[in-house]
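Participant: Pasting a structure here, questions to come.
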Amino acid sequence: MKTRFRTSFLFLAVLLLLPACLVSGGTESPVRFLFFPLIAFLSLYFSSRALHLAGLAFTVLFPLMYLFTPPAPIHLTVVFAEIAAFFLCTLVAGFVSGRIRQERFRYDNAIATFHSLSDALNHKNMNLQTALDALSEAHKKLQEFDKTKTEFVSNVSHELRTPLSSIRSYSEILLNYDDIESVTQREFLQTINSESERMSRFVTEVLDLIRIESGKQEISFSSVRSEELLTESEKIIRPMAMEKGLELVLEKTEVLPDVRGERNQLIQVLVNLLNNAVKFTRSGSIKLGARAREGFVEFFVSDTGEGIFPEEQELIFQPFARIAEHGTNRPKGSGLGLSISKGIVEFHGGRIWVDSELGKGSSFFFTVPEATKSTSGFEHSELDMRNPVMVSYRPILVVTHDIVSRRCLRKKLEEVGFHTLGADTAARALDIMGKMRPGLIVTELPEDWEEFEVLIQWAREAGTRILLTTLHIHAGEEPALAVHGYVSKPFDKYEILSLLESYHVQGGPVIIISPDRDESRTLQVILGAAGFDSVLFHDGSSAVAACEASCPSAIFIGSFRKEALEEIFTGIKSSHRSGNVPIYQLLGTTLNRYVTPVTLSPAGRKAEPRSLYKLVGKIEKEFSKGLE
Ligand code: ADP
């Protein structure tokens, strides 16, 4: 705008020089000698086509001035030579300024390419950095794992050594000395018996822990009555509490929903917690109870015992963690009970934690998912457990806006033995993940990119993978994968071109449908530079009409609201012209290595009828990766 104004101003100024020339003395005026070099100079300096044309026009008009003040005949040749020289001068200036313009254009293009290359380089650099971070993270984990393994082995050996040495020494005495009194002999044998019992209990606990932590338990879940879990565990612990003079209270609450799990394992958790409560409480009472909470049943065991230091409250769930002795006659244990309980609770899709105040007592809580579908929060698995093929370690969280797609996908996953959970938004998914840790998240594109980024962040921290997918139900069929690829921000020219190439997109117009004008223009420039003609649409209906009328070679779709997106997919997929055209979804964020997109393959361009199976296959693959 500014340049145009400046050029028009100069153009006017040059034209005004003609009357100025006339007024200042006509063709005899020496001003004319300044005039043409001035035009030539301005034309060169600004490389402006308009100035050049003004100069030429003026050269043509200049001889008209001689009509007013005709020159003497002897000067005529000089005048013609002068005009010819001026004309030539203007032409040369125009030619040179044209070349300058061209060079400047090439220079601008080179700068733009340089910027896009530097962006791409930055992008690649970021990816490299992420890969490096991941590598060092993996290395750290491996080192930690190695350390944990060594510690585990030394802890187990240490725990076994004490009972083993007492068994050995007592048995040696019994073997070497015949004159031991029968009462003493009996005492020794009792010690040998109790120590071997302790060893066998410890070995069972270690094996339990290994089995739970490896996640390879083959257990079938069923609907279990929460009240039954409470009364059963209370019955087991009551004699122990009575013996120590402690009051054991089973808190009566509202009617509790059933939970989904393995009865004996859940009783084992409650008994472990109650056992500890009795062990670490000298006087007072122990309370046991449960309440329903947002799709889960939350069990609790609280005591009036010694309490736990705040810094040790996390630590006690680690294997072999025992708090430093506060007193000489503090009860001894293997330090495995809580880590086994944690493993069992997480296996059931719940969470365990402690709330404790030193000297006042501790309250342990754990959650187990309800057996029936919850009304608030999220849905639980409706797996038919009468005939489970396999029950996997952690549940798969399916996040889709559309309930039909969600149900279908969950049903398919449960048919092959997975335990699933469902949520309709990223916010709900985050809510669920606050309570438990899914093994894998399968999600559709979110409407809110910020929430999605939090989801990615969560997955990164928890080391859980996210499978990104777009499902669409076409003409009453079952849901199917809807897109062939994703383009994340910032747009990378080479990534986009290789995506198009892998789907054999050549020539033909490309349709860009996006409500975001900047986004679509940037994409149009990138595609234009690669020789693709593109047509922009900012709303779905006109784009669908264009797809009907012409046959696009590819379609890029931006971030629309779910309903609008559904309409676009329906329009595109039902048109015989665009039904098989590759569709690429533009993303409002950058993906990292925790997010794996699942898309239609190039081979599936013609028709990938039951593509939900492809998704299930991919999920199985990803899930088994997680278990390795
Ligand atoms: P242990 O077999 O030693 O009881 P656990 O894993 O069950 O192993 O417990 C780990 C440690 O946590 C215990 O040694 C004890 O120091 C602490 N602890 C567990 N429950 C309680 C409790 N109710 N009150 C105080 N400390 C507890």
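The values are calculated or read from the model by the stated rules, or taken from the named source; none is laboratory data. Here the structure is a predicted model, which means the values were calculated and not measured. Virtual Cβ from ideal backbone geometry, glycine too; neighbours counted across all protein chains shown. Each accessible area value is taken on the protein alone, full model and side chains, heavy atoms only, with ligands, DNA and RNA left out. Shrake-Rupley method; radii C 1.70, N 1.55, O 1.52, S 1.80 Å.
Participant: Can you tell me which condition Leu117 does not meet? The list is (1) among the hydrophobic types (A, V, I, L, M, F, W, C); (2) exposed (fewer than 11 other Cβ atoms within 10 Å of the Cβ); (3) over 23 Å from the mean Cα position of the chain (by Cα), and all the others hold.
Facilitator: Only one criterion is unmet by Leu117, namely (2).
Participant: I would also like to ask the following. How do the pairs read when you match residues in the stretch 424-445 that are at positive phi with residues anywhere that are in a strand (DSSP E or B), using Cβ under 7 Å and keeping only pairs 6 or more apart or on different chains?
Facilitator: none
Participant: Is it the case that the stretch 246-264 has a residue that's at pLDDT 90 or above, among the hydroxyl-bearing types (Ser, Thr, Tyr) and more than 8 Å from the ligand (Cβ to nearest atom)?
Facilitator: no
Okay, residues lined up against (1) closer than 30 Å to Glu298 by Cβ; (2) in a helix (DSSP H, G or I); (3) in contact with a Lys or Arg (Cβ under 7 Å, 6 or more places away or on another chain); (4) not hydrophobic (A, V, I, L, M, F, W, C):
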residue	(1), (2), (3), (4)
Ala134	no, yes, yes, no
Asp146	no, yes, no, yes
Ser166	no, yes, no, yes
Leu175	no, yes, no, no
Thr184	no, yes, no, yes
Val206	yes, yes, no, no
Glu213	yes, yes, no, yes
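Participant: Quickly run through the stretch 484-523 and pick out the residues that are over 28 Å from Leu471 (Cβ atoms) and of a type outside the set (Lys, Arg).
Facilitator: Tyr494, Gln506, Gly507, Asp518
Participant: Still on this structure: Looking at (1) under 30 Å from Asn264 (Cα atoms); (2) open to solvent by 100 Å² or more (accessible area, probe 1.4 Å); (3) of a type outside the set (Phe, Trp, Tyr), which is the one condition that is false for Arg168?
Facilitator: The failed condition is (1).
Participant: If you don't mind, another one. Do we have any residue at all in the stretch 291-300 that's part of a helix (DSSP H, G or I), touching a residue at least 12 places away in the same chain (Cβ under 8 Å) and within 13 Å of the ligand (Cβ to nearest atom)?
Facilitator: Checked the stretch 291-300: no residue is part of a helix (DSSP H, G or I), touching a residue at least 12 places away in the same chain (Cβ under 8 Å) and within 13 Å of the ligand (Cβ to nearest atom).
Participant: I'm trying to understand the selection: among the residues of the stretch 342-365, which are of a type in the set (Lys, Arg) and buried (at least 20 other Cβ atoms within 10 Å of the Cβ)?
Facilitator: Within the stretch 342-365, Lys342 is the sole residue that qualifies.
Participant: Can you find, within the stretch 393-412, the residue that is most open to solvent (accessible area, probe 1.4 Å) among those that are assigned to a helix (DSSP H, G or I) and closer than 25 Å to Asp448 by Cβ?
Facilitator: Arg407
Participant: Now for a separate question. Quickly run through the stretch 336-355 and pick out the residues that are touching a helix residue (DSSP H, G or I) at 6+ places or on another chain (Cβ under 8 Å) and of a type in the set (Gly, Ala, Ser).
Facilitator: Passing the criteria: Gly337, Ser339, Ser341, Gly343.
Participant: Return the only residue of Thr231, Thr162, Thr130 being of a type in the set (S, T, N, Q), over 19 Å from Ser341 (Cα atoms) and in contact (Cβ under 8 Å) with a residue 12 or more places away in the chain.
Facilitator: Thr130
Yes/no per residue for (1) in a helix (DSSP H, G or I); (2) at pLDDT 80 or above:
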residue: Leu591; (1), (2): no, no
residue: Thr596; (1), (2): no, yes
residue: Ala603; (1), (2): yes, no
residue: Pro609; (1), (2): no, no
residue: Leu615; (1), (2): yes, yes
residue: Glu622; (1), (2): yes, no
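Participant: Does the stretch 271-280 contain any residue that is out of contact with any Asp or Glu (no Cβ under 6 Å at 6 or more places or on another chain), open to solvent by less than 60 Å² (accessible area, probe 1.4 Å) and modelled with pLDDT under 90?
Facilitator: No.
Participant: Kindly list, by first and then second residue, each pair from a residue in the stretch 98-124 that is touching a residue at least 12 places away in the same chain (Cβ under 8 Å) and of a type in the set (Ser, Thr, Tyr) to a residue that is outside any helix (DSSP H, G or I) and open to solvent by less than 80 Å² (accessible area, probe 1.4 Å), limited to pairs with Cβ atoms under 8 Å and residues at least 6 apart or on different chains.
Facilitator: Close Cβ pairs satisfying both conditions: none exist.
Rundown of residues vs (1) at pLDDT 85 or above; (2) hydroxyl-bearing (Ser, Thr, Tyr); (3) over 29 Å from the mean Cα position of the chain (by Cα); (4) open to solvent by less than 50 Å² (accessible area, probe 1.4 Å), yes/no style:
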site: Arg465; (1), (2), (3), (4): yes, no, no, no
site: Glu478; (1), (2), (3), (4): no, no, no, no
site: Leu497; (1), (2), (3), (4): yes, no, no, yes
site: Leu500; (1), (2), (3), (4): yes, no, no, yes
site: Val505; (1), (2), (3), (4): no, no, no, yes
site: Gly508; (1), (2), (3), (4): no, no, yes, yes
site: Asp516; (1), (2), (3), (4): yes, no, no, no
site: Leu523; (1), (2), (3), (4): yes, no, no, yes
site: Asp533; (1), (2), (3), (4): yes, no, yes, no
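Participant: Across the stretch 320-354, what is the number of residues that are at pLDDT 80 or above and more than 8 Å from the ligand (Cβ to nearest atom)?
Facilitator: Qualifying residue count, the stretch 320-354: 12.
Participant: Go through (1) near the ligand (Cβ under 10 Å from one of its atoms); (2) of a type in the set (D, E, K, R); (3) out of contact with any helix residue (DSSP H, G or I) (no Cβ under 7 Å at 6 or more places or on another chain); (4) in contact (Cβ under 8 Å) with a residue 24 or more places away in the chain one by one and return the number of the condition Glu312 breaks.
Facilitator: Checking Glu312 against (1) near the ligand (Cβ under 10 Å from one of its atoms); (2) of a type in the set (D, E, K, R); (3) out of contact with any helix residue (DSSP H, G or I) (no Cβ under 7 Å at 6 or more places or on another chain); (4) in contact (Cβ under 8 Å) with a residue 24 or more places away in the chain, the one that fails is (4).
Participant: All but one of (1) under 19 Å from Arg437 (Cα atoms); (2) in contact with a Phe, Trp or Tyr (Cβ under 7 Å, 6 or more places away or on another chain); (3) modelled with pLDDT of 90 or more hold for Val398, so report the exception by its number.
Facilitator: The one condition Val398 does not meet is (2).
Participant: Looking at the structure I just gave you, is Ile286 at pLDDT 90 or above and within 11 Å of the ligand (Cβ to nearest atom)?
Facilitator: When the stated conditions are applied, Ile286 passes them.
Participant: Can Ile236 be described as within 30 Å of Ala371 (Cβ to Cβ), more than 12 Å from the ligand (Cβ to nearest atom), open to solvent by 10 Å² or more (accessible area, probe 1.4 Å) and out of contact with any Cys (no Cβ under 7 Å at 6 or more places or on another chain)?
Facilitator: Yes, satisfied.
Participant: What is the residue count in the stretch 268-290 for residues that are assigned to a loop (DSSP other than H, G, I, E, B) and touching a residue at least 60 places away in the same chain (Cβ under 8 Å)?
Facilitator: Final tally of qualifying residues: 3.
Participant: Take the stretch 355-369 and flag every residue that is touching an Asp or Glu at 6+ places or on another chain (Cβ under 7 Å) and more than 13 Å from the ligand (Cβ to nearest atom).
Facilitator: Passing the criteria: only Thr367.
Participant: Mind checking which pairs have a first residue in the stretch 525-544 that is under 18 Å from Lys562 (Cα atoms) and a second that is assigned to a helix (DSSP H, G or I) and open to solvent by 30 Å² or more (accessible area, probe 1.4 Å), Cβ under 6 Å, 6 or more apart or different chains?
Facilitator: Cβ pairs passing all conditions: Gly540/Ala564; Gly540/Glu567.
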